[in-house]
1. Do we have residue 194 as small (Gly, Ala, Ser), at pLDDT below 95, outside any strand (DSSP E or B) and in contact with a Ser or Thr (Cβ under 9 Å, 6 or more places away or on another chain) here?
2. I'd like to check which helices (runs of 4 or more DSSP H) are fully inside the stretch 14-118 and have at least 3 residues that are hydrophobic (A, V, I, L, M, F, W, C) and buried (at least 22 other Cβ atoms within 10 Å of the Cβ).
3. Filter the stretch 132-155 for residues that are touching a Lys or Arg at 6+ places or on another chain (Cβ under 8 Å) and surrounded by 15 or more Cβ atoms within 10 Å (Cβ to Cβ) and give the result.
4. Being under 30 Å from residue 147 (Cα atoms) and either out of contact with any strand residue (DSSP E or B) (no Cβ under 9 Å at 6 or more places or on another chain) or among the small types (Gly, Ala, Ser) (or both) is the filter here; which residues of the stretch 47-85 pass it?
5. Which is in a helix (DSSP H, G or I) and over 18 Å from the mean Cα position of the chain (by Cα), of 144, 176?
6. Mind listing whichever residues of the stretch 4-13 are surrounded by 14 or more Cβ atoms within 10 Å (Cβ to Cβ) and either touching an Asp or Glu at 6+ places or on another chain (Cβ under 9 Å) or not polar (S, T, N, Q) (or both)?
7. Please list, ordered by first then second residue, the pairs with beta carbon atoms under 6 Å, 6 or more apart or interchain, first in the stretch 138-162 and without any contact (Cβ under 8 Å) to a residue 40 or more places away in the chain, second among the β-branched types (Val, Ile, Thr) and not in a loop (DSSP other than H, G, I, E, B).
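The values are calculated or read from the model by the stated rules, or taken from the named source; none is laboratory data. The structure presented is a predicted model; accordingly, all values stated were derived computationally and were not measured. When we count neighbours, we look across all protein chains shown, and the Cβ atoms used for this are built from the backbone with ideal geometry, even at glycine.
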Amino acid sequence: MSRLILASTSLSRQSVLRAAGIAFEAVAPGVDEEAVKQALTTSGAGPRDIAVALAREKALAVSRRRRGPVIGADQTLELDGVLFDKPHDMMQARETLRRLRARRHVLHSAVVVAKDGVVQWGALVSPQLTMWPFTDRFLEDYLAREGERVLSSVGAYLIEGPGIQLFEKIDGDHFAILGLPLLPLLNFLRTTQAEEVVEP
């Protein structure tokens, strides 16, 4: 049986696929994401375009060296047109959360499937998330509880854990927030030969 390849080492994306009963192999894409992002930003690309381009590059990079359908995914955070990067340390995580506090931001989650170096399909889902006006004390307690785990997320939160307590309202696909637009992906798999990777 052929098996999907996930061009990602993200534990969150792997967890989403595994929970859905999808057989896959996770492979590091080997893409210099910062270089790609810098080139795209310099050329005037926005957060939506960057998410799509990075998902595409990951899928293509792995599909050129491995057989079978390859899933590439990426996510960007946008606040008032500004692109946010993952925080490098706890101080930067604190600043990110202060900027997001009491405001609505958008997560652009892109997924692309490629095979033999050719893109077969792609989708973009953009949930909107609103944080409540939490106090500095609440923020410090949250960061102390979660620690450096928040550095793995562009918004310095993991909604599958205590990070959900930062939010007042969420509009959009739960799986896209976790980093993988699962429902559009499953719809694609059901209409292609790749559907055989779905375990009974």
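1. Yes: the conditions hold for residue 194.
2. In the stretch 14-118, the matching helices (runs of 4 or more DSSP H) lie at 47-63.
3. 134, 139, 143, 151, 153, 154 - these are the residues of the stretch 132-155 that are touching a Lys or Arg at 6+ places or on another chain (Cβ under 8 Å) and surrounded by 15 or more Cβ atoms within 10 Å (Cβ to Cβ).
4. Answer for the stretch 47-85, where residues must be under 30 Å from residue 147 (Cα atoms) and either out of contact with any strand residue (DSSP E or B) (no Cβ under 9 Å at 6 or more places or on another chain) or among the small types (Gly, Ala, Ser) (or both): 51, 55, 72, 73, 81, 82.
5. 144
6. Answer for the stretch 4-13, where residues must be surrounded by 14 or more Cβ atoms within 10 Å (Cβ to Cβ) and either touching an Asp or Glu at 6+ places or on another chain (Cβ under 9 Å) or not polar (S, T, N, Q) (or both): 4, 5, 6, 7, 8, 12, 13.
7. Taking only residues 6 or more apart or on different chains, the pairs are 159/177.
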